[in-house]
1. For the range 198-212, enumerate the residues that are assigned to a strand (DSSP E or B) and either at pLDDT below 95 or touching a Leu at 6+ places or on another chain (Cβ under 6 Å) (or both).
2. May I ask you to say which residue of Ile57, Ile65 is of a type in the set (A, V, I, L, M, F, W, C), surrounded by fewer than 15 Cβ atoms within 10 Å (Cβ to Cβ) and either assigned by TED's automatic domain parsing to the domain that holds Arg217 or out of contact with any helix residue (DSSP H, G or I) (no Cβ under 7 Å at 6 or more places or on another chain) (or both)?
3. Output the number of residues of the range 67-92 satisfying the condition of being in contact (Cβ under 8 Å) with a residue 40 or more places away in the chain and of a type outside the set (Asp, Glu).
4. Tell me whether the range 27-39 contains one or more residues that are out of contact with any strand residue (DSSP E or B) (no Cβ under 7 Å at 6 or more places or on another chain) and not aliphatic (A, V, I, L, M).
5. Confirm whether Leu345 is assigned by TED's automatic domain parsing to the domain that holds Gln475, closer than 28 Å to Lys177 by Cα, among the hydrophobic types (A, V, I, L, M, F, W, C) and under 29 Å from the mean Cα position of the chain (by Cα).
6. Of all residues being in a strand (DSSP E or B) and in contact with a His (Cβ under 8 Å, 6 or more places away or on another chain) in the range 1-41, which is nearest to Leu182 (Cα to Cα)? Just the residue, please.
7. So, in the range 85-128, of the ones that are among the hydrophobic types (A, V, I, L, M, F, W, C), in a loop (DSSP other than H, G, I, E, B) and in contact with a helix residue (DSSP H, G or I) (Cβ under 8 Å, 6 or more places away or on another chain), which residue ends up farthest from Val141 (Cα to Cα)?
8. Check Asn394 against each of (1) surrounded by fewer than 19 Cβ atoms within 10 Å (Cβ to Cβ); (2) under 27 Å from Ala328 (Cα atoms) and name the one condition it does not meet.
Amino acid sequence: MEDKYFLQLKNIKKSFGGVRALKGVNFDIKQGEIHSLVGENGSGKSTMIKIISGFYIADSGKMIINGKEYTKISPHYSTLEGIQVIYQDFSNFPNLNVMENIAIANELANNYKLVNNKRYRKIALEAMQRIDFKVDLTETVGNLSVADRQLVAICRALVKNAKLIVMDEPTSALSKKDVKSLFKVIKELQKQDISVLFVSHKIDEVFEISERVTIIRNGENVITENLSKFDTDKFSYYMTGREFKKQETLSKINNDNGKALEVRDLNLRNGYYDISFDLNRGEILGVTGLLGSGRNILMESIFGYRKPDTGEIYIEGKKVKINSVYDALSLGIGYLADDRLTKSLFHSQSIRINIAVASLDILINFGLLDEAAINKMVNQLVKKFNIVTSDIYNPVETLSGGNQQKVVLSRLLALNLKVLILNGPTIGVDIGAKYDIYQIIRDLAKSGLPIIIISDDIPEIINNTNRILIMREGQIYSEVQTSDISSTKLESLIMD
């Protein structure tokens, strides 16, 4: 039986000024197919999605949607053809309740003027039943979890008679448990003959959910193929054009190295209980667990964001008091937050300022900032961490996600650190930058710096730590040596 394609792109080109974002891209997705679109940041994925949705008009080329040919299409006609894009922010109305968010598309399409909760409820329930989604219809969407807000967006797409749902980085803010739930929903959509375009740079998830993949790089097709034809090394090469050396498994760190950090009987009401652990010099310690396990709150306490009720912390054998972030920094504790965009970067400021800001007090000469010393330090760090930029005076927001993360790392490492805590060090980072960041972490540990990585990315934890603490309901549930555990077993310990 001949495959029926819902959408085909033929030689699509798009430029912005002198920048060629797409250079003749071809793409197709079959009816009822789960197809991944993959590429590094800046590869052209977002431009391609916006052309499919009608937000951008291609300079040349054509689209064939359900047998109809278009050289250009508006968002209105894209929606009429059954194309729905769910962006990372889900485009919900946080002040409206669940049934209002789901039903709003129907209300606008039919030009209804009056509120009718009975109709809203009927429309919402019908959509929710299609993906077996259960939630209080009257709950304000802004109060829902990220996973439930995403399902609300999927239900709204179903109300609009979606035939192709494009999911843009749908798992970027989800826990492992929520990802599994989302994948069940995607499989259910497929059973209903709805095509799903899964846009991601997470290789393990692409392999798990997709039938075919299209990889683009620098605005051009690299390959479209069944996932069965790939292994991770081949996939990584097509995606980046780089061959990565296999990183060695990290072994147990000898306690003779000396303890850099000791935590004893730390407690915080409604946060965590009876926490005790050590961190050795040169060790990379993983801390994992489901969202709400207490892992983030615990590390925020060590960095001074939250003051524990009871317990003791020792740095290099000396008992310390950490009542503020300033105290933590003064003691040589560095912390990379899980959301660099809202917690770590000064968006409109230069790369130079973003790197130097934590070190300004040591870059003063006769009461004035030593501009030459600042430039020297920043340029050395840009070179050391391979931050890709043409000018350190460019705004940091012009950098890719991976390079922004390197900026935050280099800012911390300009300090005289004794402990480095990394919360989700590669969130929103593509595969090439991930490899670079992992190598930086390993090199720092080899130099003797003790590091804590907080993550629910199982490959990240397994491949880049010596030892793992698994947290559950505010307590350390288990401790394992990385060399003694498989990914499957670790996932079981986290989820069970």
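1. Result: Val199, single match.
2. The conditions single out Ile57.
3. Total meeting the criteria: 11.
4. No, there is no match, as no residue in the range 27-39 is out of contact with any strand residue (DSSP E or B) (no Cβ under 7 Å at 6 or more places or on another chain) and not aliphatic (A, V, I, L, M).
5. In short, no.
6. Val38
7. This residue is Phe90.
8. Of everything listed in (1) surrounded by fewer than 19 Cβ atoms within 10 Å (Cβ to Cβ); (2) under 27 Å from Ala328 (Cα atoms), Asn394 misses just condition (2).
The values are calculated or read from the model by the stated rules, or taken from the named source; none is laboratory data. Since this is a predicted model, take the numbers as computed values, not measurements. Every residue, glycine among them, receives a Cβ derived from its backbone with ideal geometry; neighbour counts consider all protein chains shown.
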